[in-house]
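Chemist: One structure, as C-alpha cells, below. Some questions next.
The values are calculated or read from the model by the stated rules, or taken from the named source; none is laboratory data. Since we're looking at a predicted model, the values are computed, not measured. Glycine also receives a Cβ, built like all others from the backbone with ideal geometry; neighbour counts cover every protein chain displayed.
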Amino acid sequence: MSDTERINVRLPESFLDRIDFLVEMDDFSSRSEAIRIAVRDMLYYRVDLVAEKVEKMAEQEQKMARAKAIREEYLQK
C-alpha cells in the first residue's frame with residue numbers, strides 16, 4: 001500500500017488475541033492487514049449509516065418547514 005501512514009493504536013489484549021488467532025489461521029497475513037481491513041469495513045458501514053441519518057434529518061427539516069407553513073396559513077384565517 002503506497003498511501004499509508006503509520007499510527008499507534010492501543011487495543012485491549014483480548015482484541016489482539018483474536019487478531020492473532022485470525023492471522024495464525026491464515027485469514028490475514030499480519031496484524032496490520034487485519035486491522036486495516038477492520039477499519040476499512042467499519043468506515044464503509046459508518047459512512048453509509050451517517051449518510052442515511054443526514055438524509056433523514058434533511059427530510060425531517062423539510063417536513064417541519066411544511067408544517068410551519070401550514071400552521072401559519074391556518075392561523076391567518
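Chemist: Under 23 Å from the mean Cα position of the chain (by Cα) and assigned to a helix (DSSP H, G or I), is that true of D17?
Modeler: No.
Chemist: In the range 1-21, what count of residues is obtained for those that are modelled with pLDDT of 95 or more and of a type outside the set (S, T, N, Q)?
Modeler: Here the count works out to 11.
Chemist: I need the full set of residues from the range 20-48 which are of a type in the set (A, V, I, L, M, F, W, C) and in a helix (DSSP H, G or I), in order please.
Modeler: The answer is F21, L22, V23, A34, I35, I37, A38, V39, M42, L43, V47.
Chemist: When you go through (1) in a helix (DSSP H, G or I); (2) without any contact (Cβ under 8 Å) to a residue 24 or more places away in the chain; (3) not β-branched (V, I, T) one by one for S2, which number turns out not to apply?
Modeler: (1)
Chemist: Suppose the filter is small (G, A, S) and more than 20 Å from E5 (Cβ to Cβ); does A69 pass it?
Modeler: yes
Chemist: While we're on this one: Can you tell me which condition S32 does not meet? The list is (1) within 23 Å of the chain's Cα centre (by Cα); (2) among the polar types (S, T, N, Q); (3) surrounded by fewer than 10 Cβ atoms within 10 Å (Cβ to Cβ), and all the others hold.
Modeler: Unmet for S32, out of (1) within 23 Å of the chain's Cα centre (by Cα); (2) among the polar types (S, T, N, Q); (3) surrounded by fewer than 10 Cβ atoms within 10 Å (Cβ to Cβ): (3).
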